[in-house]
1. Let me know the Rg and Dmax you get for the range 1-64 when you use only its Cα atoms, in Å.
2. Can you list the residues, at least 5 places off or on another chain, whose amide H is less than 5 Å from the amide H of Tyr111, using H built in the peptide plane?
3. Within 10 Å, count the other beta carbons around each residue, average over each peptide in 114-123, 42-51, and list them highest first.
4. Want the number for Met199 to Leu128: 0.36 nm per residue separation, take away the alpha-carbon distance, what's left?
5. For Trp112, Trp248, Trp35, Trp187, give me the order by solvent-accessible area with a 1.4 Å probe, most accessible first, ignoring ligands, DNA and RNA.
6. Mind giving me the FRET efficiency for Thr69 and Glu180? R0 is 22 Å, r the Cβ-Cβ distance, nearest 0.05 is fine.
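The values are calculated or read from the model by the stated rules, or taken from the named source; none is laboratory data. Everything quoted here is computed from the prediction, not taken from an experiment. Neighbour counts run over all protein chains shown; Cβ positions are idealised from the backbone, glycine included. The accessibility values were calculated without ligands, DNA or RNA, using every heavy atom of the protein model including side chains. Shrake-Rupley method; radii C 1.70, N 1.55, O 1.52, S 1.80 Å.
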Amino acid sequence: MLDLAYQNKETIVHHLDPRVRMLAWFIISIVLITWNDPLFLLLLLIITLGYGRVAAIPVRQSLRLLLPTLPFVLLILITNVLLWRPASPEKAHLLFSIIPQGGPLPAIPFYWETAVFSIGVILRIMVLMINVFILMKTVSPSEIALVITRLGIPPEIGMTLSMTISYIPAMIDQVTAVIEAQQSRAWRIQTANPISRMMAYMPIIMPIFFRSLHSTEAMAAAMLSRGFGYNTRGRTELNPIRFSRLDWLVTLVLVLFLATSIILGILGITQFTTTLRLLGIA
């Protein structure tokens, strides 16, 4: 099972200010939106994996995160092939026809533009998932709450977000434990009827629901016992966070990277037509 919990390791990434680590996640997400070309997205994937490797996250562990998303990626690929068409089909470059014209079924042409665009979408999903995974592994939930509070956002929102992120690994552990316990009691799904399959999952859903409810009540009681919400303006920090020279240097590199990516996007260099030009198609 993939471990999504935060791990405090002695790496240069973990020694950075948590605001810088969250800035790296945010900038990669912005660049991910502005780039469409598969070559640039592949470069961004390599950069993201390299960043995770510096944080002592093995590349194999990052790629394992993509296994649960394979059905979703396959669905997106099929949808693009069937529905996505170039803006000017008469100027597009036909690769082949999945369903030829003149038959009883509607023709489905497959263009070079469709292939390049679909590869870009798949790479974008990979970068998105790995970027979120690295964020969860390198920034602790308490640091996320602290950073959000430093930004002037109410502490309640920061605490809610940090508890949500920290609860994901615990939720995965609960689901795994319940499924293994029910399987040990000979729980199996042996029907193809969707309604029967949904009802068959009730022995899994109900224990998870009551476990989550119990955990929520325990967390609420713990927060009340610690006086959460009392004198929010007069709070102090046990370990105040401050920018070091390394933090400023990394921040400068990230800002320059963001500015360069936006300029390349405005110039149209990072659009998926760049790969077509390199292939001698566009």
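1. When restricted to Cα atoms, the range 1-64 yields Rg and Dmax of 12.8, 35 Å.
2. HN-HN under 5 Å from Tyr111: Leu95.
3. Highest to lowest by the protection proxy: 114-123, 42-51.
4. 22.2 nm
5. Highest to lowest solvent-accessible surface, that is Trp248, Trp112, Trp187, Trp35.
6. Once rounded, the FRET efficiency stands at 0.45.
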